[in-house]
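Data block below; observations after.
Derivation of every value follows stated rules applied to the coordinates shown; laboratory data play no part. Since the structure is predicted, the reported quantities are computational estimates derived from the model, not experimental observations. Because the Cβ atoms are built from the backbone with ideal geometry, glycine has one as well, and the counts that use them run over all protein chains shown.
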Amino acid sequence: MLRSRTATHTVTHTATHTATHTATHSGKWSVLHHAAFHGHAHVLQAMLQRKVKVKGGEFVNLKDRWNRTALSYSVINAHITSFQVCMT
């Protein structure tokens, strides 16, 4: 597993240099969905600080195939810090 600093650097680089942040996952998960599901609050924070906009609204509000947002997965998996980051 990547340490916090390395993961944050990778995500920050991706946010800065990648045109799209939407999903490649069959469930239509974004980077935020993955980070929230696994409780990686530092990744969520790095991505959300970029205030990325995507077609159809704000990045934080992207919904997956099951109509869930990153916030939903933070709650479902009881990742309190990730929940707090999504709410800010």
So how far apart, in nm, are the two label points at R65 and K28 if each is 7 Å from Cα heading toward Cβ?
1.0 nm
In order through the stretch 62-74: 3J(HN,Hα) via Karplus (6.51 cos²θ - 1.76 cosθ + 1.60), integer Hz, x for Gly, Pro:
4, 10, 8, 4, 9, 6, 10, 9, 4, 4, 4, 5, 4
Pop out the ³J(HN,Hα) list for the stretch 30-40 in order, Karplus 6.51 cos²θ - 1.76 cosθ + 1.60 with θ = phi - 60°, rounded to Hz; leave Gly and Pro as x.
8, 4, 5, 4, 4, 4, 5, 4, 9, x, 8
